Every structure is written in C-alpha cells, then in structure tokens.
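Everything below concerns the one structure shown next.
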Amino acid sequence: MLSSQGRGLSSRAMKSTARLLPALVASLLLQACEPRPGVAPPAASAPAASSAQPAGAADDSPAALMAQAFSGWTSQAGHAVDVPSGEGTRKDRVLVSPTLVATLDADHRVLIVSGVPDDGHGQPEAAHATAVNLGLYGFEARAGRWFKTFERPSLAWTGSYGSPGELKVHAFGAGRAVLSVQTEDCGQGFCGQRLQLFALNPRDASELADQRLGGSATDATVGCDEWLQGKPLGAAETPDPITPGNCYDVRGEWRFEKPVDSAWPDLVITFTGTQASQDPKGGDVTRRIVDEQLVMRHDGTRYKVLSGRNPAQ
C-alpha cells in the first residue's frame, strides 16, 4: 500500500504529464507537416475541369441538329443506324445523312434525314431496287439551344438508285408544314411517277396523300409510241398486242390551291398525254387523249377526292 506521501507524488506526476501531452502532440503534428530536406511538398490538387458539353444544339443548321439526333455522327463518314424495314418487321441498316430542315414556327424544327441501305461494308448501295428510308427528328428551342422532342426513324421508304427523289417543304403557317416527296422509277421500259405528302407538326408526322403522277410504257412495248401518235400498225409491227396495261404515256403536274372555305389548300393534279383504252365489257382498243384534272380536299385527316379522277392509277 502506498503511503500518503507516495500518493501525493503520483498525483503530481499525472497532472504534469497531462499538461505536457497536448504540447507533445502539437509538436509532432508540426514536424509531420514540415517538408523534409530534398523532398518537395505535395502540390495542391486543382479542381477537375468539366468535360460535359452543353445540352442541346447550338443552332438549327442541318449539321448541328444531326449531331444531336445521332451521337457520334460526323459529315466525313456514313453513320449506320438500324431502322424498320419496308418489308415486314425485320430491321435494315442504313447510312443516314441530313436532307432538309423544316421550319414549323419560331421554336420548332423538323430534321429530315435520308438513309441509304448499307452494302454490308459501310458503303451505300445504289442499285435500281435500292429505295431510301426517310426519317424525322423534331427539335424545340429552349434558352437559346435546340433540344430533340421526338423521333420517327422510319417515315417511309421511297425513291430508287439510292436517291429519295425530290423533297420539298411547304409552310402553311400556325406550326404546320407539308413535306412533298416526288419520285420517278423506271424498269424494263416502264416508268412511273409518284407523289407522297406528309403533314409535319411539332410532335409527329402523318401521311396526307399518295398518288401516281403518271407513267410511260413507250420503251417497254414495241410499236406503242408510234401507235399512240396515231400511226396504223400491222401485226408484224406489234408482236405484243396493244393493251391499256402496256401502252400509255401520261404525266401529271401537281400544285396547291388555297380554297376560300378551308384551312388547308386543295391538292390539284392536271394530267395530260395519251393512253390505250378499252371498254370494261370488251371491244376494240382505242387511243384516248388524256386532259383532265383531279382535285383533292383535306378532310381534317388526309386528302380525299373532291372531283375528277386519276387516269394514271
């Protein structure tokens, strides 16, 4: 057992140690922070630079919108995407490129892209049977930039030889526009023209009309061209009998006409030319001069025939 004197000494030693301990710890910390001779102090880490790009396209140019619609797209190389095929539910790989930008109003654009089928080696096909896929991508302006609002990767397959045909945008105001697609296809002497119309809006698109504009078989049937011009032909000059299905030369010219009582313009197609004709009940095949007009009016959903007929259908 400790004496009272021993207990007093022990108590004083403990108090002294307690007073010295904070000073000792502080000294050790200062020594740890001081740079050692020949050793450079660690450099202060700088804030990491942000690599994130601003969202949305900087402008509404075809290239800027295209880069927003397809990550990794560049104008120097074909960009492959998979789209629904025009034949069933399978997918086709196409190489997309910008075709048109439709202005709907101050804040809405629609990017129209063409997709030519990939030949399997990253190159576009360009055979007679190569139709082109049209796709739509909508954009809206927010805070000075353009943001994608919808996508329609496959609106329609159209054209041939890797070309979509002649595309135009017709503005009708109030955020509404129409895309016209006019094509011509020839094979084995038969040629045909076609017109498709699509309504564009800030959220989607819909088909308005699909009409044949005309066609010709003068290069497909021996003697057809001469017969249509009124030249009498003998059996030897027409190895294949002239019929309405193999002898015609008709062309249509189309336009929009604004009626008084409709928000949409009428679709008017004027047909001219000559075609072989035969009464449905039989009889001789005769020449028929084509000079008629088809008028179609929008019924709130699509164009319907108002008057006339299409002799090329």
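Of all residues in the range 117-128, those that are assigned to a loop (DSSP other than H, G, I, E, B) and at negative phi total 7. Which ones in the range 184-206 are assigned to a strand (DSSP E or B), under 15 Å from the mean Cα position of the chain (by Cα) and polar (S, T, N, Q)? Listed by number, the list holds a single entry, SER206. Can you find even one residue in the range 207-225 that is of a type in the set (A, V, I, L, M) and under 22 Å from the mean Cα position of the chain (by Cα)? Yes, some residue in the range 207-225 is of a type in the set (A, V, I, L, M) and under 22 Å from the mean Cα position of the chain (by Cα).
The residue that is farthest from LEU100 (Cα to Cα), counting only those in the range 207-229 that are in a strand (DSSP E or B) and aliphatic (A, V, I, L, M), is LEU213. Among the residues of the range 194-205, those that are surrounded by fewer than 21 Cβ atoms within 10 Å (Cβ to Cβ) and modelled with pLDDT of 95 or more comprise ARG194, LEU195, GLN196, ALA199.
Counting the residues of the range 247-262 that are surrounded by fewer than 17 Cβ atoms within 10 Å (Cβ to Cβ) and either touching a strand residue (DSSP E or B) at 6+ places or on another chain (Cβ under 8 Å) or farther than 23 Å from LEU294 by Cα (or both) gives 8. For PRO232, the criteria (1) assigned to a loop (DSSP other than H, G, I, E, B); (2) surrounded by 14 or more Cβ atoms within 10 Å (Cβ to Cβ) hold in every case but one, which is (2). Please work out if THR99 is in contact with a strand residue (DSSP E or B) (Cβ under 6 Å, 6 or more places away or on another chain) and at negative phi. So THR99 passes the test. Scanning the range 88-101 for residues being of a type in the set (A, V, I, L, M, F, W, C) and surrounded by fewer than 20 Cβ atoms within 10 Å (Cβ to Cβ) gives a total of 2. Of everything in the range 166-175 that is part of a strand (DSSP E or B) and touching a strand residue (DSSP E or B) at 6+ places or on another chain (Cβ under 7 Å), the residue that is surrounded by the most Cβ atoms within 10 Å (Cβ to Cβ) is LEU167. For the residues SER154, SER97, SER180, the requirement of being in contact with a His (Cβ under 7 Å, 6 or more places away or on another chain) and either in a strand (DSSP E or B) or of a type in the set (Val, Ile, Thr) (or both) singles out SER180.
In the range 280-313, which residue that is acidic (Asp, Glu) and not in a loop (DSSP other than H, G, I, E, B) is nearest to PRO232 (Cα to Cα)? The qualifying residue nearest to PRO232 (Cα to Cα) is ASP291. Only one of the numbered conditions (1) loosely packed, with under 15 Cβ neighbours inside 10 Å; (2) over 19 Å from THR301 (Cα atoms) is violated by TRP146, and that is (1). Of all residues in the range 229-251, those that are in contact (Cβ under 8 Å) with a residue 60 or more places away in the chain have Cβ atoms under 7 Å from Cβ atoms of residues that are among the aromatic types (Phe, Trp, Tyr) and outside any helix (DSSP H, G or I), 6 or more apart or on another chain, in VAL250/PHE271. Is one or more of the residues making up the range 168-182 of a type in the set (Lys, Arg), at pLDDT 95 or above and farther than 21 Å from ASP291 by Cα? Yes.
Matching residues to (1) surrounded by fewer than 16 Cβ atoms within 10 Å (Cβ to Cβ); (2) in a strand (DSSP E or B):
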{"position": "ALA55", "(1), (2)": "yes, no"}
{"position": "ALA64", "(1), (2)": "no, no"}
{"position": "ILE112", "(1), (2)": "no, yes"}
{"position": "GLY115", "(1), (2)": "no, yes"}
{"position": "THR130", "(1), (2)": "no, no"}
{"position": "ALA141", "(1), (2)": "no, yes"}
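Residue pairs whose Cβ atoms lie under 9 Å apart, separated by 6 or more positions or on different chains, with the first residue in the range 163-189 and farther than 18 Å from ARG255 by Cβ and in contact (Cβ under 8 Å) with a residue 60 or more places away in the chain and the second part of a strand (DSSP E or B) and of a type in the set (S, T, N, Q), are PRO164/THR99; PRO164/SER114; PRO164/ASN133; PRO164/THR158; PRO164/THR183.
The values are calculated or read from the model by the stated rules, or taken from the named source; none is laboratory data. Keep in mind that this is a model prediction, so the values were computed, not measured. Ideal geometry is used to build each Cβ from the backbone, glycine not excepted, and the neighbour counts take in all protein chains shown.
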